[in-house]
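The values are calculated or read from the model by the stated rules, or taken from the named source; none is laboratory data. Since the model is a prediction, treat every value here as computed from it, not as a measurement. FYI the Cβ positions are ideal-geometry reconstructions off the backbone, even for glycines, and counts take in every protein chain you see. When the accessible area is computed, the model is the full protein with side chains, heavy atoms only, and any ligands, DNA or RNA have been set aside. Shrake-Rupley method; radii C 1.70, N 1.55, O 1.52, S 1.80 Å.
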Amino acid sequence: MRTLIADIVKHEGKEVELMGWVDVRRDHGKIIFIDLRDRSGIAQIVFAGKEMYAACDKLRPEWVVKISGKVAKRPASMVNPNLPTGEYEVQATALEVFTEAQTPPIDVTSDGREIGEENRMKYRYLDLRRARMQKNLRARSKTLAFVDEYFKKHDFVEVETPILGKSTPEGARDYLVPSRLYPGKFYALPQAPQQYKQLLMVAGLERYFQIARCFRDEDTRGDRQPEFTQIDFEMSFVEREDVMNYLESFIVELVKNVYPEKHITAVPFPRLNHAEAMKKYKSDKPDLRKDKNDANELSLTWIVDFPFYEYDENTKAWDFGHNPFSMPEGGNLPDSEEDLSGVKAMQYDLILNGFEIAGGSIRNHKPELLKKAFELLGYKNNVIMDKFGHMIEAFSYGVPPHGGAAVGFDRLMMLLLNEPNIREVIAFTKTGDGRDLMSNAPSEVDEKQLKELHIKISK
Ligand code: ASP
């Protein structure tokens with residue numbers, strides 16, 4: 001029966017059977033030492049004696065093997081204090097090779113920071129073998145488990161919303177999926193489950209959450225990817241304070257339970273209004289840590305009172321400052337375009353160490369006011385009804401006041417794990433310019449596929 005490497009410490013003097021990868025191999029003439037690696041850790045294996053030496057001689061790093069042997073205490077001078085199994089070694093009595101391995105194109109035993117990112121992405125399945133990436137993926141999974149438990153404990157219902165949806169003019173550029181059955185028509189991948197979660201409030205769920213994948217066709221940066229994960233939630237019969245308090249308690253509890261080594265600079269999180277932040281810090285994402293050299297300090301700050309509309313100097317036009325579905329402060333909008341600059345949104349963003357890690361708002365649940373929010377930007381009635389008619393109609397059948405938020409989960413993990421970018425906390429990620437170097441996506445497709453989708457490529 002297999003024993004996990006971390007457990008050898010419980011089996012001194014016993015025979016064990018270990019399975020894993022050859023991490024490193026050190027040949028000392030008549031003795032070969034192998035560091036064997038499995039998901040639980042690393043152990044030193046000793047191959048001594050003519051027969052075992054010969055059996056082991058051909059082993060190379062990254063071969064996958066089964067080793068039988070006896071657990072023994074190492075002599076005091078040989079103890080490795082840096083290894084949890086460092087007081088022990090396994091004296092091999094049998095070796096079985098499951099698979100051999102070519103020399104890996106990248107070193108998987110280091111922390112990987114010295115390796116060019118293109119190579120790490122291309123051989124991601126090897127890159128993920130390194131201890132740092134294993135640790136990050138495990139921390140991510142553990143954090144998700146906490147999220148799941150926390151939201152369900154507070155009576156939130158997890159609902160999966162569609163990936164194939166409708167293209168709507170909000171925020172970023174959509175990823176489009178051509179329809180085979182309806183020539184010339186397209187689905188859009190969701191930038192966020194915003195509309196669905198609001199419709200779930202119309203449906204009477206009252207509390208929804210989802211670990212949601214979102215897609216935005218934007219130029220990527222260190223803290224952005226074409227697809228990313230949000231902890232998305234929505235609540236009915238709430239005011240701004242209720243949602244902010246819920247999110248704040250969630251973050252505090254998450255840190256306390258899963259990252260106890262971290263400390264939050266100030267609880268309750270300080271609040272700044274948008275104008276104040278811009279004036280004082282020239283940023284709507286100020287980093288208010290007391291000591292920026294402290295890897296374990298988490299400084300959380302709320303930014304509130306965002307401008308509802310913003311003037312875009314490039315297009316010389318007004319646009320939504322944030323989420324178009326937000327309620328304007330005071331529950332009203334001016335009657336003419338001239339007065340847009342003073343309107344504030346019931347929007348709140350949460351900043352962690354200078355990064356926006358969450359954002360949300362109390363929603364505009366009044367059908368006429370929602371229409372007006374778009375009309376003031378010059379949207380024609382037929383466009384509004386085509387894009388948002390279903391929302392406006394839904395709100396005419398009895399909608400509770402509601403609000404919610406979404407936490408950028410990859411960014412949160414990046415900051416909790418002190419990583420420099422979100423690619424270090426996502427298993428299979430794209431490069432800064434949106435390519436998957438491992439599978440080589442995006443890629444060309446067959447002529448037949450294009451034809452079925454009624455698509456002609458103009459070269
Ligand atoms: N849907 C918003 C976003 O993705 C978050 C929210 O308002 O709930 O930024």
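Observations on the structure shown:
- Inclusion of T168 among residues that are more than 16 Å from the ligand (Cβ to nearest atom), open to solvent by less than 60 Å² (accessible area, probe 1.4 Å) and modelled with pLDDT under 95 is not warranted.
- Each residue in the range 292-322 was checked for being surrounded by fewer than 17 Cβ atoms within 10 Å (Cβ to Cβ) and hydrophobic (A, V, I, L, M, F, W, C), and 2 pass.
- Against the test of being in contact with a strand residue (DSSP E or B) (Cβ under 6 Å, 6 or more places away or on another chain), open to solvent by less than 50 Å² (accessible area, probe 1.4 Å) and at pLDDT below 95, the options A94, A55 yield a single qualifying residue, A55.
- Given (1) free of Cβ contacts under 8 Å to residues at least 24 places away in the same chain; (2) among the polar types (S, T, N, Q); (3) assigned to a loop (DSSP other than H, G, I, E, B), number of the condition T109 does not satisfy: (1)
- Considering residues of the range 238-276 that are polar (S, T, N, Q) and touching a strand residue (DSSP E or B) at 6+ places or on another chain (Cβ under 8 Å) only, the residue nearest to the ligand (Cβ to nearest atom): N273
- So T143, is it on the phi < 0 side of the Ramachandran plot, out of contact with any helix residue (DSSP H, G or I) (no Cβ under 9 Å at 6 or more places or on another chain) and among the β-branched types (V, I, T): no
- Top-ranked residue of the range 176-203 - restricted to ones that are more than 28 Å from E158 (Cα to Cα) and open to solvent by 30 Å² or more (accessible area, probe 1.4 Å), ranked as farthest from the ligand (Cβ to nearest atom): P183
- Within the range 211-237, tally of residues that are more than 11 Å from the ligand (Cβ to nearest atom) and open to solvent by less than 20 Å² (accessible area, probe 1.4 Å): 4
- Among (1) at pLDDT 95 or above; (2) open to solvent by 50 Å² or more (accessible area, probe 1.4 Å); (3) within 24 Å of H390 (Cβ to Cβ); (4) not acidic (D, E) - the single one K152 does not satisfy: (3)
- Scanning the range 136-147 for residues that are in contact (Cβ under 8 Å) with a residue 60 or more places away in the chain and of a type outside the set (V, I, T), we see that the one that is surrounded by the fewest Cβ atoms within 10 Å (Cβ to Cβ) is K142.
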